[in-house]
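Novice: Have a look at this one.
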């Protein structure tokens, strides 16, 4: 799975293989519950009571039926990785405000991304960490504001034939092959063998997968298409990347025209006359995409001050917003000639349009960055 996440350009914290669990093991042995004569399953070091912690955290949303936890070497290994990931963060090894003089584990928010089948066990892991390590991230304000959050994801299934299974590496290879095939049909030739297209195909494959997976609400069941990928519609990362590249080509065309003396340098924004924007598509882009974008960001995810154990994440809102923006922009771009003839009386409208599309480009880039995707300059 870590290889799959690397392919998707996801920075996932991992611990080194040499991470020691000896301190945790010693702590477990010192706090074991139950009689020494108790027969434990093979591989289990002992049983630790979590009931008291659950009672303290119940208002936050921990499952009240959690009582004891059977501690195994594998469980200690996972805890050890969590400890090292937090330590790595506080030393400035991960993106964010880490590494400052006043930064500690209390400033760190740990998000447990877990399937619905493993949610109960992951809560035990969370509580066990708090039980064994007094430095585990945990804030307690009326038992509501926690430094450990849980994102529970629904099941992932393959659409079509019941019982069909596909491993993560196979899924990535399938989508990558389909991206290459689609591009070959569009541009002609086997571009997959062209080194100049290698990075582009990798990014398009990642965009295809991320939009396919993140266009569904995390808590819902996700159905993956085995056979084909969509180039348009509510889950098309390729369509979004294509329109982002069209914007890059547009501004590159203006820059080239300016260097040739066809267009003047871009004037101050305060001098632009936006009353020259008459097309309905221009106001559609402004009022449906540019202006509401900040509100969308605030609704997508909020770590700070979110009450309870579970964190609300609305990745599907970002994906659907970017696809709708792509549809609106594509319709406008196909109908309106932005870079007009190099005549002075046409420059005012051209610059007003370019300024609007500057804002659209910023929305594209910010939205893609939220999904961990770089913008493409060509496809």
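The values are calculated or read from the model by the stated rules, or taken from the named source; none is laboratory data. All of these numbers come straight from a predicted model, not from anything done at the bench. Quick reminder, even Gly has a Cβ in these numbers, built from the backbone with ideal geometry, and neighbours come from all protein chains shown.
Novice: If the Cβ limit is 6 Å and pairs must be 6+ apart or interchain, which residue in region 210-231 that is at pLDDT 85 or above pairs with which residue that is surrounded by 16 or more Cβ atoms within 10 Å (Cβ to Cβ) and in a loop (DSSP other than H, G, I, E, B)?
Specialist: 210/371; 211/235; 212/235; 215/235; 222/216
Novice: Among the helices (runs of 4 or more DSSP H) lying completely within region 42-132, list those that include at least 2 residues that are at pLDDT 90 or above.
Specialist: 119-132
Novice: Could you please give the count of residues in region 326-341 that are exposed (fewer than 15 other Cβ atoms within 10 Å of the Cβ) and either touching a helix residue (DSSP H, G or I) at 6+ places or on another chain (Cβ under 8 Å) or touching a residue at least 12 places away in the same chain (Cβ under 8 Å) (or both)?
Specialist: Filtering region 326-341 for residues exposed (fewer than 15 other Cβ atoms within 10 Å of the Cβ) gives 331, 334-337, 340-341.
Those left that are additionally either touching a helix residue (DSSP H, G or I) at 6+ places or on another chain (Cβ under 8 Å) or touching a residue at least 12 places away in the same chain (Cβ under 8 Å) (or both): 331, 335-336, 340.
The number of residues fulfilling the criteria is 4.
Novice: Take the residues of region 50-75 that are touching a strand residue (DSSP E or B) at 6+ places or on another chain (Cβ under 8 Å) and over 19 Å from residue 149 (Cα atoms): which is surrounded by the most Cβ atoms within 10 Å (Cβ to Cβ)?
Specialist: 71
Novice: Also, quick follow-up: So if I check each of 344, 312, which one is surrounded by fewer than 16 Cβ atoms within 10 Å (Cβ to Cβ), in the same structural domain as residue 263 (by TED's automatic domain parsing) and within 30 Å of residue 63 (Cα to Cα)? Let's see the steps before the verdict.
Specialist: On the way: 344 fails: within 30 Å of residue 63 (Cα to Cα).
Step by step, each of 344, 312 is checked, and only 312 is surrounded by fewer than 16 Cβ atoms within 10 Å (Cβ to Cβ), in the same structural domain as residue 263 (by TED's automatic domain parsing) and within 30 Å of residue 63 (Cα to Cα).
Novice: Of all residues in region 323-378, how many are over 25 Å from residue 207 (Cβ atoms) and assigned to a helix (DSSP H, G or I)? If you could, list the steps in order and put the result at the bottom.
Specialist: The initial filter retains those residues of region 323-378 that are over 25 Å from residue 207 (Cβ atoms), namely 335-337, 339-355.
Filter once more, keeping what is assigned to a helix (DSSP H, G or I): 335, 344-355.
Within region 323-378, residues that are over 25 Å from residue 207 (Cβ atoms) and assigned to a helix (DSSP H, G or I) number 13.
Conditions (1) within 24 Å of the chain's Cα centre (by Cα); (2) over 17 Å from residue 321 (Cβ atoms); (3) at pLDDT 95 or above; (4) assigned to a helix (DSSP H, G or I), marked per residue:
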residue	(1), (2), (3), (4)
251	no, yes, yes, yes
261	no, yes, no, no
278	no, yes, no, no
283	no, yes, no, yes
297	yes, no, no, yes
303	yes, yes, no, no
307	yes, yes, no, no
